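Participant: Following this message is one structure expressed as structure tokens.
The values are calculated or read from the model by the stated rules, or taken from the named source; none is laboratory data. These numbers were taken from a predicted model, which means no experiment stands behind them. Note that each Cβ is placed from the backbone with ideal geometry, even for glycine, and that neighbours are counted across all protein chains shown. The area values use the complete protein model at the heavy-atom level, side chains included, leaving out ligands, DNA and RNA. Shrake-Rupley method; radii C 1.70, N 1.55, O 1.52, S 1.80 Å.
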Amino acid sequence: MRVETIMTTELPNEPLPTVEVSTTEIPTAEISTQEIPEREASTAEVPIPEVREETPEVGTPEVSAPEIEKPEVPSSEAATPVVAAAVVQEEAAEVEEEPTESFADLLKDFEKSHSHRAKAAPGAQSRQLEGTVVSVTADQVFLDIGYKTEGVLPRTALERNGEGVKAGDVFNVSVTGRNQEGYYELTRHKVAQVRDWSAIEAAFAEKLAVVGTVTEVRKGGATVDIGVRAFMPASRSGTKDAAELEKLVGTEITCRITKLDVTEEDVVVDRRVVQEEQARGLMANKFAEMKEGETVTGTVRTLVPFGAFVDLGGVDGLLHVSEMAHSRVAKPEDVVSVGQEVTVRILKIDPATKNISLSLKQLQAEPWATVPDRLKVGERVKGPVTRVMDFGAFVEIEPGVEGLIHISEMSWGKKVRHPGDVVKPGDMVDAEILSVKPEEKRIALGLKHALSNPWAEAEKKFPVGSQVEGPVTKVMAFGAFVEVAEGVEGMVHVSEIVADRRINHPSDVLRVGQRVQAQVLAVDAVKRQIKLSMKQLVPTSIDEYIAEHKVGDVVSGRVVEVNGDSAVAELGEGIKAACGVGKAGVGAAPAGTAAATEGKVDLGALSSMLKSKWKGNAPAAGAKAEALATGQVRSFKIVKLDAEKKRIEVEMA
């Protein structure tokens, strides 16, 4: 007769091993069966199923209880009926001590609680489960996946960020691990749980993701237990450095088999490719959800010279430096910082390039809306110079509002070649508002209008005939400009530079920076023009004549013009004098008679008389005085010398 006893040991959170214990055959002739008829009957009623329970822990390989072979009883033991009978009685007593609850009921409850296992395919068991939504929070969805503990799925893994999801909805999910609260972490990607080499080959062929546990860090990567030992290169681990790779030890990861050699038992897995696929899936969902003009919240991930990249929940958008504020932003770090949470508006979404343009200033008040109410034409404003361009300089009047000082509005008289010669970025300047165009976001400013106008008193400071001095600022083909005062320039025409010769270009005589003296010929304050002459200050023959003579001197000269009671006499080359012709001039004697009568010898008059006589024009000695006529050589008396006006007046001597 054979007596079989089932012994089971329940271990917490571990597969329930099955231990089969068989007793040896005992000769019926040597054992009295009358003492245990009821025990045999009760033993025969106990079912003997082979139980192999699976743990719901993800990634834990199934462990089968080792089978205990039935030992053959040696002949020496069979010859000892007393010992065998004692063993049978002891085992029968243990059977009587088992609980009265049927083991079949226990097995039925176990299979019911693990019903999701029955749906799994053989070999590489699919981790794709049906999860029923239990509750929905702001960022997670809780699902019943048939385990004792619920699973959590991020809302970002669902379409439109889980909008419209309610309790009772069903989704296909896979288990990837457990979080710190003990909930199962879920994904909508299909994940396989490998059981043996055939399962690994199937997962490799179908490119399925598998779950494994990182066991150790080794040279070049880490070792992952996916049911068999696998190697994960550090470059494909999805970590940034060795320290981050160390943190994966002991954690479950989702990866894909990229290399498989069953003969050499060489398995290589890749975690990064799974993360990239999941990121692309999230990005596709995000792009489908986002719309231009929407306001979203994100975290600043990185800063670059032209802006900042903002993480919008799996998708990056660019916040350009020009869209950070209405005012001028020199560097992105002046406005935002890495890790800062910002609320931005989506300006543009490019489906082809997957680029998202963001704006921060669009959510701020527009300063130009109220500019006409605050800034009026003619008002004076003060602000720093933000930029200097070739055509002018920009001044920040208030945050977000800038005005332009054109190069022509920087100086009254000085010709500005470049705005940088007058102002620099950062300089504080006072300017006057010339015009306001809010629809074009333009304000014209004048720098010179905030200064005193030097032309207002130019006519008083530089009267006609006055002498001025200053440096030559510019030389042109028609003349040269001379700075007579700060902001005031006058022009010397090419014909007024020298008097003794004709020049082709002012640069033949003048150069920029040379200090010269000139005489004011005319002043026009309205047109801001001053005419100057340099040759007026160069000594001439008339200046020398005036310097050599004085009032009362008697000189000789030729009459060149007679007009009634006035005449013009030429006293020398280029020297003319005005002569009044009255009664004294009618009977006046010739120059030679006058000189002889007075007993004075005028060498100049004598020379003129001899010259005229040689030409046949001199009057004869003792001739009567004749009327004044053109061409006559006469003696004149100087009555007035005006050196400033270069004027000489004479009368008949």
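Participant: Enumerate the amide H contacts of Q632 below 5 Å, restricted to partners 5 or more residues apart or on another chain; note that Pro and chain-start residues carry no placed amide H.
Facilitator: Under 5 Å from the amide H of Q632: V559.
Participant: Continuing with the same structure: Would you please give the FRET efficiency between T473 and A643, computed as 1/(1 + (r/R0)^6) with r the Cβ-Cβ distance and R0 = 25 Å, to the nearest 0.05?
Facilitator: Once the sixth-power term is evaluated, E becomes 0.20.
Participant: Given the Cα atoms of the range 324-451, and with Rh set as the inverse mean 1/r over their pairs in the Kirkwood sense, what is Rg to Rh to two decimals?
Facilitator: Ratio of gyration radius to Kirkwood radius for the range 324-451: 1.07.
Participant: Could you give the length gained on full extension between T343 and T137, defined as 0.36 nm per residue of separation minus the Cα-Cα distance, in nm?
Facilitator: Full extension from T343 to T137 adds 72.0 nm.
Participant: Using the Karplus curve 6.51 cos²θ - 1.76 cosθ + 1.60 with θ = phi - 60°, what ³J(HN,Hα) values do you get for each residue of the range 496-511, in whole Hz, with x for Gly and Pro?
Facilitator: Running phi through 6.51 cos²θ - 1.76 cosθ + 1.60 with θ = phi - 60° gives 10, 8, 10, 10, 8, 7, 9, 10, 7, 8, x, 5, 5, 10, 10, 9 Hz.
Participant: Could you pull out every residue, at least 5 positions away or on a different chain, whose amide H is within less than 5 Å of the one on K348? Hs are placed 1.01 Å off N in the peptide plane, and Pro or chain starts have none.
Facilitator: Here S357 satisfy the definition.
Participant: So, for the range 470-562, what is the accessible surface per residue at a probe of 1.4 Å, expressed in square angstrom?
Facilitator: Per-residue value: 56 Å².
Participant: Find which of W412, M428, F394 sits farthest along the positive direction of the dipole of the range 356-431, computed with +1 on the beta-carbon of Lys and Arg, -1 on that of Asp and Glu, about the Cα centre.
Facilitator: Value: W412.
Participant: Okay, next question. Taking the full set of protein chains and a 1.4 angstrom probe, give the accessible area of D373 in square angstrom, rounded to the nearest 10.
Facilitator: We get 120 Å² for D373.
Participant: Related question: Going by average Cβ neighbours within 10 Å, how do the peptides 325-333, 645-653 rank, with the highest at the top?
Facilitator: Final packing ranking: 645-653, 325-333.
Participant: If you find the alpha carbon centre of the range 503-564 and of the range 286-358, how far apart are they in angstrom?
Facilitator: For the range 503-564 versus the range 286-358, the Cα centre distance is 74 Å.
Participant: For the range 265-281, just list the computed ³J(HN,Hα) in residue order, Karplus coefficients 6.51, -1.76 and 1.60, θ = phi - 60°, integers in Hz, with x standing in for Gly and Pro.
Facilitator: 6, 10, 10, 10, 10, 9, 8, 5, 5, 5, 4, 5, 5, 5, 5, 5, x
Participant: How many percent of the accessible area of the range 270-410 is carbon or sulfur, using a 1.4 Å probe?
Facilitator: Carbon plus sulfur share of accessible area: 52 percent.
Participant: Can you give me the long-range amide H partners of R647? Hydrogens built in the peptide plane at 1.01 Å from N, cutoff under 5 Å, separation of 5 or more residues or another chain.
Facilitator: For R647, whose amide H was placed from the backbone, the distant partners under 5 Å are D642.
Participant: Using every Cα-Cα pair within the range 194-247, state what percent have a distance larger than 19 Å.
Facilitator: That tail contains 31 percent of the Cα-Cα pairs.
Participant: Give me D for the range 268-327 in µm² s⁻¹, whole number, from Stokes-Einstein with Rh from the Kirkwood sum over alpha-carbon pairs, 37 °C and 0.692 mPa s.
Facilitator: 246
Participant: Considering Cα pairs under 8 angstrom that are at least six residues apart, work out the relative contact order of the range 169-327 and quote it in whole percent.
Facilitator: Result for the range 169-327 is 14 percent.
Participant: Same structure again: Divide the volume of the convex hull of the Cα atoms of the range 300-344 by its number of residues and quote the answer in cubic angstrom per residue.
Facilitator: 64
Participant: What is the spread of the Cα atoms of the range 256-402 along each of their three principal axes, largest first, in whole Å?
Facilitator: Principal extents (Cα only, largest first): 90, 30, 27 Å.
Participant: Using the Karplus curve 6.51 cos²θ - 1.76 cosθ + 1.60 with θ = phi - 60°, work out ³J(HN,Hα) for each residue of the range 144-155 in order, rounded to whole Hz, and write x for Gly and Pro.
Facilitator: 8, 10, x, 8, 5, 10, 6, x, 10, 10, x, 5
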